[in-house]
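The values are calculated or read from the model by the stated rules, or taken from the named source; none is laboratory data. Please read these numbers as outputs of a predicted model, since none were measured by experiment. Ideal geometry is used to build each Cβ from the backbone, glycine not excepted, and the neighbour counts take in all protein chains shown. Protein only, heavy atoms only, side chains kept; ligands, DNA and RNA dropped before computing areas. Shrake-Rupley method; radii C 1.70, N 1.55, O 1.52, S 1.80 Å.
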Amino acid sequence: MKSFDYIRAESLSDASKAMGDGAQLIAGGTNLLDLMKLQIMSPDRVIDITRLPGLSDVAPYKDGVKIGALVSNSDLAADPKIKALYPVLTRAIVAGASGQIRNKASTGGNLLQRTRCPYFYDTSMACNKRAPGTGCSAHGGAGRMLAILGTSDDCMAAHPSDMAVALRALEAHVEITSANGETREVGLDTLYRLPGDRPDLETTLAEGEIITAVILPAPVKGSVQSYRKVRDRASYAFALVSVAAVVTMDGDKIDTASLAFGGVGVRPWKDAQVDALLHGQTPDQALFAKAADRLLAQAKPHPEAEFKRPLVKRALIAALREATGLAPATAGTDKTRDAV
Amino acid sequence: MKTELKVNGQLHTLDHDPRMTLLDALRDDLHLTGTKKGCDHGQCGACTVLLDGRRINACLTLAAMHDGCEITTIEGLGEPENLSALQTAFVSKDGYQCGYCTPGQIMSATGMMDEVRAGDPSHVSTDLSGDVPFDDAEIAERMSGNLCRCSAYPFIREAIAMAAEVKK
Amino acid sequence: MTDTFKMDEAQPRLLDETRQGVIGTPMDRPEGKLKVSGRAPYAAEIALDGMVHGVLVRATITRGQITAIDETSIHDTPGLLGVFHGEHFVRNPAQGMAAESPEQPGTRIDYHGQPIALVVAKTFEAARDGAHKLKISYKPDDSVDVDPQTASNVVSKDDDAVIIGDVDSAMARADASVDLQFTTPGQVAAAMEPHAAIAQWQGDQLLLHGSLQMLRFNKRELADAVGIDPENVRILSPYIGGGFGSKLGIGAEAVSAALASRALGCPVRVVMARQTVFDAVLRRTETSQRVRFAATKEGKLTAIAHDDTVSNLSDEGFAEPVSTASQFLYGAENMHFLQKVAQIHRTPAGSVRAPGEAVGMLAFEAGLDELAEKLDICPVQLRLNNLPERHPATDQAFSARALAQALREGAQQFGWSERQPTASRREGDWYIGMGMASAARSNMLVPSAARVTLEADRIVVETDMTDIGTGSYAILGQIAAEMLGLPTEKVVVRLGDTDLPGASGSGGSFGASSAGSAVYLAAKKLREELAHSLGCAAEELTLQDGMARGANHEKSFAELLPNPIMAEGAIEGGKTADEYFSAGFGAHFCEVAVHAWTGETRVRRMLGVFGMGRVLNEKTARSQAVGGMIWGVGAALTEELSHDPRTGHIVSRDLANYHVPAHADIPRQMDVVFLEERDDQANPMQTKGIGELGISGAGAAVVNAIHNACGVRIYDFPATPDKVIAGLEALGR
């Protein structure tokens, strides 16, 4: 860890002003300190925002809910409103990391965590995300955990968050506050950039901008929500693949389906064509397989990640079987309630 | 820089490098070496302590960030001749072998039991609306952030279940 | 010095006659209260005035020379005390029982991740930063083999091969046969305590607080590496946060701490970062294995062959003995065991828990399951049909061998008869299946000494034996208490200090039997002395709760012992080891659930039935057995080192990417049954090791259960979801 100045921000504007070249916000710190110890990130100034007021509540907002950026992952998962109205978010959060990490990790930090690509993590290897222009060691390297969607020649690193996958299925927005106090709301598709030839630039946040909240739209009434994560051990591992689904039925047909995917994308992945393909259809295995084929149409796996094609297809089928009632619901699939 | 920590009820003022983690502060400055360093990256759970009553990985936070906070470590849970119910259960169920992950397991279980009582959901909870059963599947999932390479897992969970019975 | 007992013939079963009644009981570990309260001090936790901190630097090329280490590149590091490297630096830890320094390559680099320098500063934070920034120049060697599959140098160990009859023609003639290729990945010990050392010098005396398994050897290794007389080295290692073979020999942390401390004149602490533990500690080799069986239609084996390729650096002597158990578990007229070693530049390989059996039995016992399927014979019965009379390769008689009993009792207790045809049992989306495998691990006796002192109300046991979580503190106390007739709470056990009599150390499952026998023999001498004082023959003496009785005499220890009495016991192997082959045997049974869509496997319950001679402590033995079985689950399902194909460096070099089993991977129901057994040929206590028997074969039971559940055979370990779904898709499922 490089030496840095520790600055405790007393207000949002304090924090914004202290930002800029070489500065880094810290909240939960569960990924940042991990990276700083390995000098993958080496800020000169670390701005502690954990004591900023007003960013630690989960509160009704418009038709939906506003989640302060400092709400811990545990508190968010256990929030009665979230459990009842947005259960896929609870399910995604508790499918990630460990109890200890979730107690510390923040909502904003979860969104901004970095990839766990082993070449990003090894400073002896070339990585365009860590050191722009040095090359991508994952090409021709070990690639089992890499993304297969949204990749470029310069980067194939997967986004590691579970929570953000659920947020994409829920069509959440983030509230971003700039240095002058103005706020804007953008969807996660706008927040996250595709790597292209600049994989080091992961978001569209401008200098001095801070994610201050996540905004959930009105709950999808009468929906069944599911988070299905497949990993190398039963708990405490990153996703090989994951599927978040928010589904409503109209009789025996799918009315709406909003799906998002983890472990496969360079960012928490959502494909509107997949959702559209399911709309108005009678659920069956062939339909789900077709949805998966649509999802995978543009997939470009590293040879070692080729298995993610069949695996995400099978996980999607398993998730939708439960979400559409073709199979009995197991832990991870919940019917939303109408009120808290 | 200076940071004030209340550890196991006792106030300490640290004079430290801003880079010092809470874990290194406990182990090296306060000589509370019961909190272990297994990986230093939040991947093993050996450094679990309670921060204001909640379990966290002490390796993944800076001491500086916790000025004025209350920390409970394994040393604050009980002494060799005056052990907590959980510590006693670990001894009688052989919920350890080498003992290195043990303080983390015990601190994690302490925090975990409160989380279950509060009804916090886990990955294996079948129902998000009701109470959480204190069964083995729940304990196993919730303790999965604490690795034990000696692999005392079944005995650790027997100890936790035994201590939970005592508490009832 | 003391006379050394040689195990030349079976000894009377004295521990069945003694009266204290503590041997074998499930006593709590005496050090338990310290461990659960955080008061047991491990190597890095000794507080010393003026102690400074060292952080190791790794090589970032695979092969070549260091041309410069630019110390000026970190001169601005606050509190920097020095950068240490050079001729004494060790490349990797010593192999078990080396008793001499591991390779000291100077400026030569043999693998990516090799420790090449130590940065020492007043604070850990500064040393870590300095270690990261230290500029090193290299002259890389372009030709580097890092993959055993494509290595140009592959040494065939023809001299060690066992070839009996003609396997090829037996295969051609057989009613049924299998010829299977398996691969297992590299694995690591991943002890929870990273390798750590604090070195301090007083004059020419080096004191090392270390985390080491075999102190008698470690002392000589460290002395040789640093270039001093072993008499000037003392190592303390009373608590060790897990070893599993990874702390058999001294490594870079101990040597670099000693070198830096000597130069700086203050205590130096070096703790390996977890990533360094992956890079610079001996791993278990990856293997490729060819397993062949031939049999008659009645299920009599006519050929057994198990050939393998492992890897290591060319000058490391160790080669994982993959087929050890395959050579004696079953018999056939035709056998073939040949090993090849690929010489490659990866982190070097060494002993990790049950070297050989841990990976060899995965393939061997899975192959036998496939043969049973072909023959349509119950896998338990197939094994029972083929137990050899004598060791097929050495022609030794077996000592106690409980394999048949373990297979039968295990099948009965597990409910094996409920096992359903392949892929026929479903619960929702989960396939359910059962599998089994034999367990075997050779048993050894290693020279050991111990000193026992008896006072009127106290026993003191002293040896340099270590307790790496195995229960040495408990069992050595129980042996002494049982032999000398005092309650266990009256025993003080002092371990982990090279100033004490030298024992086997912890490794190879021989610690309890070897060090335990030394304690037993010392106590036996004291019994003779007590008998003499009491005026009876040693055979007439009974000791219980501080009272000595015999030949109508009865006296308390207080009366008999105006002064403490002390004796040393020492043992080494003898003729019984030539005439008899001693091994622990057992059987594993496992039930798994396999998800029909995602290929996730969950172990639902396991049973291990073991014959391991006399059990010294039922509780710690059970923990060892279950721990081993869980390692088997890890090998079967989750554990895998992945290497970069260009540099050979370990890509999964932390505990997030190397998946040791977590709580959720392991069911509560991990049952163990110990069969009543005495191994008279093993040692005077009739005990055998248990630390590695539990792992041996366990993983095969898991993958055999996967096959029964869903029809998928796993040939490339571990059985992660990607491999299981590939198998399911191939079956059209």
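Here are the numbers for the structure shown:
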quantity	calculated
Candidate aspartates and glutamates for bridging to C:Lys122, where Cα separation is under 15 Å - those fewer than 8 sequence places away on the same chain excluded	B:Asp15, B:Asp17, B:Asp24, B:Asp28, B:Asp29, C:Asp49, C:Asp76
Net charge, C:Ala474 excluded, C-beta distance under 10 Å - Lys, Arg +1, Asp, Glu -1	-2
Set of the range C:291-329 residues, backbone N closer than 12 Å to the point 7 Å along the Cα-Cβ line of C:Gln181	C:291
Kyte-Doolittle at least -1.0, axis length at least 27 Å by Cα - qualifying DSSP helices, chain C	C:511-534, C:618-637
Radius of gyration and maximum dimension Dmax of the range A:136-262, Cα, Å	17.1, 51
Per-residue mean of C-beta atoms belonging to partner chains within 10 Å, peptide A:297-309	1
Relative contact order %, the range B:85-167, counting alpha carbon pairs below 8 Å whose residues are six or more apart	52
Amide N proximity, the range C:303-326 versus C:Thr394 label position 7 Å along Cα-to-Cβ, cut-off under 18 Å	C:319-326
Whole-angstrom Cα spans of chain A along principal axes, big to small	60, 49, 32
The range A:276-340 and the range C:473-535: distance between their alpha carbon centers, rounded to Å	63
Distance histogram for the range C:522-582 (every C-alpha pair counted, 5 angstrom bins, percent rounded to whole numbers)	4, 17, 23, 18, 10, 8, 9, 7, 3, 0
Solution diffusion estimate, µm²/s, Stokes-Einstein, the range B:77-168, Kirkwood Rh from C-alpha pairs, 10 °C, viscosity 1.306 mPa s	119
Charge tally in the Cβ shell below 12 Å around A:Met163, where Lys, Arg are +1 and Asp, Glu are -1, A:Met163 excluded	+3
Sulfur and carbon atoms: percent of accessible area, the protein assembly as shown [1.4 Å]	47
P(r) of the protein assembly as shown over all Cα-Cα pairs, binned every 10 Å from zero, in whole percent	2, 10, 18, 23, 22, 15, 7, 3, 1, 0
Set A:Lys62/A:Lys300; C:Lys35/C:Lys133; C:Lys35/C:Lys135; B:Lys37/C:Lys139; B:Lys37/C:Lys723; A:Lys83/A:Lys308 screened for pairs whose C-alpha atoms are more than 32 Å apart	A:Lys62/A:Lys300; C:Lys35/C:Lys133; C:Lys35/C:Lys135; B:Lys37/C:Lys139; B:Lys37/C:Lys723
Separation between Cα centres of the range C:218-233 and the range C:580-654, rounded to whole Å	36
Inter-probe distance in nm under a simple model that places probes 7 Å from Cα toward Cβ, at C:Ala551 and A:Asp252	9.6
Reachable lysines from C:Lys555, criterion Cα separation under 28 angstrom, eight or more residues apart if same chain	C:Lys490, C:Lys524, C:Lys525
Kirkwood Rh in Å, taken over all unlike Cα pairs in the range B:2-76	11.8
Dipole-positive endmost among A:Ser72, A:Pro283, A:Thr203 within chain A (Cβ charges, Cα centre)	A:Pro283
Mean Cβ neighbour count within 10 Å, used as a protection proxy, ranking C:596-605, A:67-76 highest first	A:67-76, C:596-605
Within straight-line cross-link reach of A:Lys129, aspartates and glutamates at Cα separation under 15 Å, skipping those fewer than 8 residues along the same chain	A:Asp153, A:Asp154, A:Asp197, A:Asp200, A:Glu202
D (Stokes-Einstein, µm²/s), Kirkwood Cα radius, the range A:239-340, 1.002 mPa s at 20 °C	153
Helix-only [θ]222 nm of chain C, DSSP H runs n ≥ 4, -39500 (n - 2.57) each, per residue, nearest 500	-7500 deg cm²/dmol
Solvent-accessible surface (1.4 angstrom probe) belonging to C:His659, in square angstrom, nearest 10	20
For chain A: accessible area per residue (Å², 1.4 Å)	34
Environment charge of C:Lys297, counting only residues whose C-beta is closer than 15 Å and scoring Lys/Arg +1, Asp/Glu -1	-1
In degrees, nearest ten, helix A:308-323 long axis to first principal axis of chain A (Cα)	60
The range C:349-431 - convex hull of alpha carbons, volume per residue in Å³	175
Accessible area buried at the B-A interface, both sides summed, 1.4 Å probe (Å², nearest 100)	3400
Euclidean distance of C-alpha centroids, the range C:44-109 and the range B:103-165, integer Å	41
For chain C: Kirkwood Rh in Å [reciprocal of mean 1/r, alpha carbons]	26.8
Rounded to the nearest 10 Å², the accessible area of C:His85 at probe 1.4 Å	80
Too-long pairs where the Cα-Cα distance tops 19 Å, listed order kept, from C:Lys6/C:Lys619; A:Lys2/A:Lys37; A:Lys81/A:Lys335; C:Lys619/C:Lys688	C:Lys6/C:Lys619
Measure of compaction for the range B:1-159 (Cα Rg per 2.2 N^0.38 Å)	1.05
Exceeding the 31 Å Cα-Cα cut-off - candidates C:Lys157/C:Lys247; A:Lys104/A:Lys253; A:Lys66/A:Lys104	A:Lys104/A:Lys253
List of the range C:102-140 residues, accessible area with partners at least 20 Å² below that of the chain alone (1.4 Å probe)	C:Phe124, C:Glu125, C:Arg128, C:Asp129, C:His132, C:Lys133
Label point distance in nm, C:Glu100-A:Ala59, each placed 7 Å from Cα along Cα→Cβ	7.5
For the range C:79-215: Kirkwood Rh in Å [reciprocal of mean 1/r, alpha carbons]	20.6
Protection proxy ranking of A:328-338, B:47-57 - average other beta-carbon atoms within 10 Å, highest first	B:47-57, A:328-338
Rg [Å, one decimal], Dmax [Å, integer] - the range C:3-118, C-alpha atoms	24.3, 70
Ellipticity estimate at 222 nm from DSSP helix runs (n ≥ 4, -39,500 (n - 2.57)) divided over chain A, nearest 500	-7000 deg cm²/dmol
In nm, spacing of pseudo-spin labels at A:Leu201 and A:Lys221 (7 Å Cα→C-beta vector)	4.3
